[in-house]
Amino acid sequence: MQRPRTELLAFALRSHRWAIASWAVGLAAVSWIFGLGYAREMSAYPGGPEAFARGIELAAGAMRMFRWPAERLDTFAGYLTYHNVTLLPLLLGLYALVQGTAAIRGAEERGVLEVWLATGRRRGRIVGDRAIAFLLAMALVAGALGAGTLVGLEAAGERAPLAAFVVAALVALCAAGFYGLGLVLSQLVSSARTAAGLGAIVMLVLFVVNNVWELLGPFGALRFLSPFYYRQRSELLLPGHAFDPVATFVLVLVLVVPVAAAIAAFERRDLGAGLWRRPPSATARAVSISSPWLRSVWTVALGEQRVALAAWAVGSGTYLAWAALLGKPAIDVWESSSLIRTLLVRHPGATFIDEYLAFALALLAVIAAAFAVTQAGRWAGESAEGRVEMILACPVSRARLVLERMTSLAVGNLVVVVGGLAGFWVGAAIAELPLRADGLLRTVWDAELLALAVGGVGAVLVLALRGAVTAVLAATIAASYLWTLVVVLFGWPEWALRLSIFDAFGDPYVGAPPVAGTLYLAAIAVGATVLAAVLAERRRSEPV
């Protein structure tokens, strides 16, 4: 009787193998590289770690929305906590959220869930086994992160073996809570993508509230709803901090309670429907398509994602609105620190306001890249679900399918970016910060180009890797982002920065993007799309 459960658990764990490898190797390598880079930087920094800490703490205070706290930056443990550990639960949490939405609802959309149920497995046991498999995957990632943190500390001349692994475990536990959120949301709505979009909004709001709660007055109490707050209660890498068992217990509840709620909802709802919706009728009927907008693959794809697109737009708009609202206090800090002006004010003739707005809008590059990754994952899912064959039977050529996918990516990303800029405009208007129309238009153009570059690579990976697309593409994007930091830390030649797509994005708000960067992104976008179309036509016996 236990063999079917063991097989399902093993299957669920195998489904995470690429992600485990990508996260484990990437996070461990990043911690080690940062340790080496910090030791090298401090050995040559004027005034040593103490002077470095004094300057960076001011900058950290100006960027509280993006990460917090900043404490003991005169040590590598403090720097690592501020620069990496604060952001890792958000990054891992986004991955966990998507996995949670796909664990049951995604299997249901692929037609796999019915097979599991037909073997006699109970619904609650299926949810439990999927959750256990994900926890095991996160435990492996936490182990690699702890080992990498320990090696990084050693490289910087510091030691905290127990703290390194405990903090890594808490990071993984905090992220796993969003797996539970995705799991329960996917039971309430009828689409995994809709659940992921709604969950992303909730996650970003909780992250921002935790970072700026002191500025929210009575609404600062909302931080007690944020898993990020309870993780930060045990910052063991920072001197003088202790383990908080109560906060850790709350993190356990943040995972267990949503999983239990998801089991209860899954037991009560119909397949193919949300908890409060009836399943779609199985009665066959002829459908007349009168609108030409519904006769293209890209328009249908956008129509299927309309709720998810709205969630992405609202989420990016909310985050950028907060960034604009915090502009004035951040600008005041920038003006008061010569070190911050040296580090962050990089465009001759630009005002402090323009520099800050450009810094905040750089987040759109990350949002555009993340959106492109989700679309590549969607394309891989269509191949796994057998939907590609139905599209090709319309008939649609394989090369055309690739081009229409890229068109849907371009239009969908435009919706997300415009939504983000709308929120940014509202925040800037409230904070009385003037915006430059030409800068906003250049930002839209650059974000579109970057999304197409990432999407083009994703289209190629769909043909090459199938199910591992999301994990590998996300790891590649993360590596490209971290590459810019590594080049600076080790003082490598400036031309090495050009290999990163984020360096190619530049600061379009305060000036025209560099020609070389624009050509680089365009070459990736066009070259990868053409390569994907050619590969698709040559592999006629395989799904696209």
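One table, with the values for the structure above:
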read-out: Protein-only accessible surface order, largest first, of VAL454, VAL205 at 1.4 Å; value: VAL205, VAL454
read-out: Area accessible to solvent at CYS394, 1.4 Å probe radius, in Å²; value: 100
read-out: Relative packing of 209-221, 359-371, which averages over residues the other C-beta atoms within 10 Å, highest first; value: 359-371, 209-221
read-out: In sequence order, calculated HN-Hα J values of segment 309-318 (Karplus, 6.51, -1.76, 1.60; Hz; x Gly/Pro); value: 4, 4, 5, 4, 5, 5, x, 5, x, 5
read-out: ARG40 paired with LEU225, simple spin-label distance in nm, labels 7 Å along Cα-to-beta-carbon; value: 4.5
read-out: Anisotropy class of segment 91-131 from Cα gyration tensor, a/c 1.5 cut; value: oblate
read-out: C-alpha center-to-center spacing [segment 403-430, segment 143-206] in angstrom; value: 27
read-out: Debye, to nearest 20: dipole size of segment 91-185, +1 on Lys, Arg Cβ, -1 on Asp, Glu Cβ; value: 380
read-out: Cβ crowding within 10 Å averaged over residues, with 30-42, 428-440 ranked highest first; value: 30-42, 428-440
read-out: Extension reserve of the ALA512-LEU441 stretch, reckoned as 0.36 nm per residue once the Cα distance is removed; value: 24.5 nm
read-out: Kirkwood hydrodynamic radius of segment 98-227, Cα pairs, Å; value: 16.9
read-out: Distance (nanometres) between label positions extended 7 Å along Cα→Cβ at VAL526 and VAL300; value: 3.0
read-out: Per residue accessible area in Å² of segment 110-269, where ligands, DNA and RNA are left out and the probe is 1.4 Å; value: 40
read-out: Segment 421-509 shape via C-alpha gyration tensor axes, a/c threshold 1.5; value: oblate
read-out: Accessible carbon and sulfur surface of segment 141-250 relative to its total accessible area, %, 1.4 Å; value: 73
read-out: Lys/Arg +1, Asp/Glu -1 at C-beta; segment 405-544 dipole; positive extreme among GLY439, VAL469, GLY517; value: VAL469
read-out: Given charges at beta-carbon only (K, R positive; D, E negative), |dipole| of segment 437-544 in Debye; value: 480
read-out: FRET efficiency for VAL246 and LEU215, using Cβ-Cβ distance with R0 set to 22 Å, rounded to 0.05; value: 0.30
read-out: Heavy-atom accessible area per residue - segment 449-516, 1.4 Å, Å²; value: 40
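The values are calculated or read from the model by the stated rules, or taken from the named source; none is laboratory data. These figures come from a predicted structure and were not determined experimentally. Reconstructed Cβ throughout: ideal geometry from the backbone, glycine too, with neighbour counts over all protein chains shown. These accessible areas exclude ligands, DNA and RNA; they are computed on the full protein's heavy atoms, side chains included. Shrake-Rupley method; radii C 1.70, N 1.55, O 1.52, S 1.80 Å.
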